[in-house]
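Note sheet for the following structure.
The values are calculated or read from the model by the stated rules, or taken from the named source; none is laboratory data. Quick caveat, the model's predicted, so the values are computed rather than measured. Methodologically, a virtual Cβ is constructed for each residue, glycine included, from the backbone with ideal geometry; neighbour enumeration extends over all protein chains shown.
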Amino acid sequence: MGCGRVGSSLAHSLESQGHDVAVIDQEESAFRRLGSTFEGRRVTGIGFDRDTLVAAGISEAYAFAAVSSGDNSNILAARVARETFGVEHVVARIYDPGRAEVYQRLGIPTVATVRWTSDQMLRRLLPQGHVPELTDPSGHVVVAEVTVNPAWVGHRITDLEEATGARAAYLTRLGSGMLPGPDTVFQEGDLLHLATIATELPTVEGILDAAPVTADH
């Protein structure tokens, strides 16, 4: 949602990686930013309107990004996408970083404009094997924000490390970074950043994208 400089750039980045993309904007003229090479849908309408979202294909969407010029519109659209249509991977851009904690409690990952990069958006939208946050000079070790299945909520971070063989670099909780200790428990809304071997990242993400395995006694 939103076809400004951020939205149009994001749409082209996703499409260039082989994804099917639909762009929503209230102003039809905004779609000129997409140029003639963009092959996705262009939907004119309000991004948090259900009919508009349905026209854009929200029912089959893997991810939804709200990057219009209004904080309230972005968070409302993101909530409708997640709560009404069940889209698991959503992200909202905000202009007021002070609101980040409020939005984080709603379970909506946010990216503040002052520190926005396309990579930050892509990391919250793409499936396994996405763009790492940090790669060491040799390309052998990466730090990546990984999607964690809600079934892991209540488990210690050490349980997640043991299951994946990766190490927790840090957590983002309520908009603030923290270093997890041996007794730190994964909570709803936490963003987990793991350090792992680059070639093992898809495997690590696959393990955490599924519910934890429990042993039968």
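Tabulated data
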read-out	value
Residue satisfying condition, being surrounded by fewer than 16 Cβ atoms within 10 Å (Cβ to Cβ) and closer than 26 Å to residue 92 by Cα, within set 151, 169, 198	151
The listed residue being under 22 Å from residue 125 (Cβ atoms) and in contact with a strand residue (DSSP E or B) (Cβ under 8 Å, 6 or more places away or on another chain), out of 148, 185	148
Lone unmet requirement of (1) within 19 Å of residue 125 (Cα to Cα); (2) aliphatic (A, V, I, L, M); (3) out of contact with any Lys or Arg (no Cβ under 8 Å at 6 or more places or on another chain) for residue 21	(3)
Pick from the range 172-187, criterion within 18 Å of the chain's Cα centre (by Cα) and either of a type in the set (Ser, Thr, Tyr) or surrounded by 14 or more Cβ atoms within 10 Å (Cβ to Cβ) (or both), ranking: nearest to residue 213 (Cα to Cα)	186
Whichever residue in the range 88-105 is in a loop (DSSP other than H, G, I, E, B) and more than 14 Å from the chain's Cα centre (by Cα) and, among such residues, is modelled with the lowest pLDDT	96
Residues being under 17 Å from the mean Cα position of the chain (by Cα) and outside any helix (DSSP H, G or I) - total across the range 188-209	7
Failed item in (1) free of Cβ contacts under 8 Å to residues at least 24 places away in the same chain; (2) surrounded by 13 or more Cβ atoms within 10 Å (Cβ to Cβ), with residue 33 passing the rest	(1)
Conditions (1) more than 27 Å from residue 146 (Cβ to Cβ); (2) surrounded by 14 or more Cβ atoms within 10 Å (Cβ to Cβ): number failed by residue 2	(1)
Whichever residue in the range 38-58 is free of Cβ contacts under 8 Å to residues at least 12 places away in the same chain and more than 17 Å from residue 72 (Cβ to Cβ) and, among such residues, is nearest to the chain's Cα centre (by Cα)	54
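Residues checked against (1) among the hydrophobic types (A, V, I, L, M, F, W, C); (2) loosely packed, with under 14 Cβ neighbours inside 10 Å; (3) under 19 Å from residue 149 (Cβ atoms); (4) modelled with pLDDT of 85 or more:
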position	(1), (2), (3), (4)
77	yes, no, no, yes
86	no, yes, yes, yes
108	yes, no, yes, no
112	yes, no, no, no
117	no, yes, no, no
